[in-house]
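The values are calculated or read from the model by the stated rules, or taken from the named source; none is laboratory data. In this text, all values refer to a predicted model and were calculated from it rather than measured experimentally. Cβ placement follows ideal geometry from the backbone for every residue including glycine, while neighbour counts extend to all protein chains displayed. Accessible surface is based on the protein model in full, side chains and every heavy atom, while ligands, DNA and RNA are left aside. Shrake-Rupley method; radii C 1.70, N 1.55, O 1.52, S 1.80 Å.
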Amino acid sequence: MAKVLKKVDVITIGVGWTGGIVAAECAKAGLKVIGLERGGERETGDFAEIHDEYRYAINYGLMQDLSKESITFRNTPKQKALPMRKLGSFLLGEGLGGAGVHWNGWTYRFFPYDFEIKTMTEKRYGKNKLSPDYLLQDWGITYDEMEPYFDRFEKTAGISGEAKNPFEGKRSSDYPNPPLSDTPILQMFAGVTKKMNFHPYRMPAANSSQTYTNPDGEILNECQYCAFCERFGCEYGAKASPIVTVLPTAFRTGNYSVRNHANVIEILKKGDKVTGVKYVDTRTLEEFIQPADIVVLSSFVLNNAKLLMVSKIGTQYDPLSRRGTLGKNYCYQINTGTTAFFDKQFNVFMGSGALGTNIDDFNGDNFDHSHLDFIHGALIFALQSGARPIGSNAVPKGVPSWGSAFKKASIHYYTRNIGIGGQGASMPYFQNYLDLDPIYKDAYGLPLLRMTYNFTDQDRALFKFITQKTEAIAKAMNPKSIISKPQIQDYSIIPYQSTHNVGGTIMGSNPGDSVVNHYLQHWDMDNLFVVGAGNFAHNSGYNPTGTAGALAYRCAEGIIKYHKTGQKLV
């Protein structure tokens, strides 16, 4: 029998960026908050002098253990879904701080176009620009309403950048830190794109360009350009993460505590209210019931959706009738690009997770799509994140993929190549969705989440278009040779592509087309909030963390209001 614990004001399920922001804001407001984290504890000291590429980058030392819980995957509803046995296309984080510990630090604000994409697309191109099979919808909130929360997140995380992007929405203030150091690679990209009449600007980075104290008094140290960002924790405390920003703030209030190794298996409810959660201690398998006035799902996209499904909260989306909202609008991204090879050497072994320069000329609706068979676009960038020796083996076309010739070429070109990347948006499609698998279960007896997803004609057209743009930029650099990614066909769960999974618990203006309202409050349960990239009604060409962080501040504001009034937020 589960042991019943003392009731608290707020529970967050998952202690990453969104859970940490909600916890800090609610604890500062005097609410008693508990964070339930199924992974272990972490702090900056755990990563001191551990530049172990094999442990973290290859064997995923900070990621979810798929022997306990995985997902099943298929391309279409007619196929049988099979479990992922090893992480591939995307990497689910686990442990205190979540994926906010091992991210690269790219931090963007989605465009005003993103928040009103259906309205703006129809206004410019008419109602038939995309087929009805694409479930395009507005988010129920505008960029102008979101701007203060973007500003808040950037200041909390000490984002390094420059407000020189002519396509972004209006800003109330500049970035709190100047951009990271410039390099010959980035200067070459900027020079070439300027000559092509594009608009380069420095990548907004959660890697601090200088020592910085945020508004809550938390200190970020200066980036050392060690090249161990993505898939690694930062040993210098220079990469903004929950464990160096919002979590210390929450703990300092005295109103916050975390229970590690606590895997939530059910959200408990009575009538139209949730009453708390049931969780399992992953070490002892003891069960506990934690009552609360307010429950916040702040885990990863896939885990938030699964918890609602196994707890039977909300209406599961059905691709045949196209009714229901839970699991609807699952989206991913396309990732293309061109590698340019040179005789000249570059210091590619140095870098930082978000040390880059971008253009947005082909992102969002910043260019005319009238005669194109897709909408939205892609971020195009040059990045110097640091070429680690095991995973960095770019070679020109015609070189074998193994053997002595490959070894010789990979060593020679290790410091002689530059990648021009393209990261493209993903539009919701009626056959791309999440639900529960009827066959496979996790270590705790719960059904696995099932992902049904494939690239669409929209994705393939955008991929081809952006690949051509990256090729043109690469050729303008006057390289020795180039090689581009091949055209996409069907989506595969391998190799790694992006951990920018979104949708499934989308936000909107009414319960008929969304799971939560514009405060991330569940339509069916007033005291249940669901926050994260799962709220996105589609995916942008940008990374999701900046927008998820802004939504978390919006959510925290809603929770505090609800705690005072007990009323549905409008």
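Laid out as a table, the results:
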| read-out | value |
| --- | --- |
| One residue from 118, 86, 129 being of a type in the set (Lys, Arg), in contact with a helix residue (DSSP H, G or I) (Cβ under 9 Å, 6 or more places away or on another chain) and open to solvent by 40 Å² or more (accessible area, probe 1.4 Å) | 129 |
| Single residue of the range 146-182 satisfying the filter (acidic (Asp, Glu) and assigned to a loop (DSSP other than H, G, I, E, B)) that is surrounded by the most Cβ atoms within 10 Å (Cβ to Cβ) | 168 |
| Residue match in the range 487-500 (condition: in contact (Cβ under 8 Å) with a residue 60 or more places away in the chain, over 27 Å from residue 230 (Cβ atoms) and not in a helix (DSSP H, G or I)) | no |
| Total residues in the range 270-286, condition open to solvent by 20 Å² or more (accessible area, probe 1.4 Å) and either touching a Cys at 6+ places or on another chain (Cβ under 6 Å) or at positive phi (or both) | 2 |
| Residue satisfying condition, being open to solvent by less than 20 Å² (accessible area, probe 1.4 Å), out of contact with any helix residue (DSSP H, G or I) (no Cβ under 9 Å at 6 or more places or on another chain) and among the β-branched types (Val, Ile, Thr), within set 141, 185 | 185 |
| The lone exception for residue 420 - which of (1) surrounded by fewer than 16 Cβ atoms within 10 Å (Cβ to Cβ); (2) part of a strand (DSSP E or B) it fails | (1) |
| Flag if residue 344 is open to solvent by 30 Å² or more (accessible area, probe 1.4 Å), touching a residue at least 40 places away in the same chain (Cβ under 8 Å) and in contact with a strand residue (DSSP E or B) (Cβ under 9 Å, 6 or more places away or on another chain) | no |
| Pick from the range 161-190, criterion touching a residue at least 60 places away in the same chain (Cβ under 8 Å) and touching a Pro at 6+ places or on another chain (Cβ under 6 Å), ranking: nearest to residue 118 (Cα to Cα) | 169 |
| Sole exception among (1) touching a Leu at 6+ places or on another chain (Cβ under 6 Å); (2) under 18 Å from residue 531 (Cα atoms) for residue 357, by number | (2) |
| Lone unmet requirement of (1) surrounded by fewer than 21 Cβ atoms within 10 Å (Cβ to Cβ); (2) part of a helix (DSSP H, G or I) for residue 335 | (2) |
